[in-house]
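Structure first, commentary second.
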Amino acid sequence: MENWKRNRRVGEKVDWFLISSSPELLPTAAILANPFPKEIPMTRAVRLMPALLMLLCFSVTARAQAPAAPAPQVMTYEMAVQIIDAAEAEARANKWNVTMVVTDAAGTPVVLRRINGASARSYDIAMRKAATVVAAKMTTAEYGAKLKEKAVTEVPNGITFAGGVPVMRGTEFIGAVGTSGVTAAQDEIISKAGAAIVK
């Protein structure tokens, strides 16, 4: 203990070599070295810093990855029903058994109807007609003519004959109508009857 007193002056730090060589002095030495542990709160803050940084990074990343709010759907179900009602009325007035589909601007079907007597194959063709219109932004008849002239890029699995028409609200493309089951010209008459109700 005398050796300890000789190696320590007031205001100096503990001689850690002495402490390590005298384990029994560790508790006393620690108190003598820092009788008023003012650094404890700071030590805790330092220890918490990595966790706080991780929480902050997680919050920023979550905000950056948050999906944007979807755009409002222009082609509503109610609008699509009105379109297909008009198309069906035209088909029934002529006793044409067809399949009709109304899609939104992205090509997603909103309403589909198959009149009794329409062939099973008419479903696939009506869907492809609507998809062709969405891709080309023109009627399938116009697309077929322009494709022959090599004036447009070919639409994969596209239809090159009449029966698919765009639905326009003013100058805005908002969807498509595809009809199949009778002749191409008759299919187009039905599709146009439906699309015409939107101004």
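The values are calculated or read from the model by the stated rules, or taken from the named source; none is laboratory data. Remember, predicted model here, so these are calculated numbers, not experimental data. Ideal geometry is used to build each Cβ from the backbone, glycine not excepted, and the neighbour counts take in all protein chains shown.
Do the conditions hold for Thr132, that is, is it β-branched (Val, Ile, Thr), over 28 Å from the mean Cα position of the chain (by Cα) and closer than 26 Å to Gln73 by Cα?
no
Looking at segment 97-126, which of its residues are part of a loop (DSSP other than H, G, I, E, B) and among the aliphatic types (A, V, I, L, M)?
Val98, Ala105, Ala106, Ile115, Ala118, Ala120
Being exposed (fewer than 12 other Cβ atoms within 10 Å of the Cβ), of a type in the set (A, V, I, L, M, F, W, C) and either modelled with pLDDT under 95 or under 30 Å from Val134 (Cβ atoms) (or both) narrows it down to one residue among Met49, Met79; which is it?
On inspection, the qualifying residue turns out to be Met49.
From Ala136, Ala87, Ala126, grab the single residue that is touching a helix residue (DSSP H, G or I) at 6+ places or on another chain (Cβ under 6 Å), buried (at least 21 other Cβ atoms within 10 Å of the Cβ) and within 16 Å of Ile190 (Cβ to Cβ).
Result: Ala87 is the single residue among Ala136, Ala87, Ala126 that is touching a helix residue (DSSP H, G or I) at 6+ places or on another chain (Cβ under 6 Å), buried (at least 21 other Cβ atoms within 10 Å of the Cβ) and within 16 Å of Ile190 (Cβ to Cβ).
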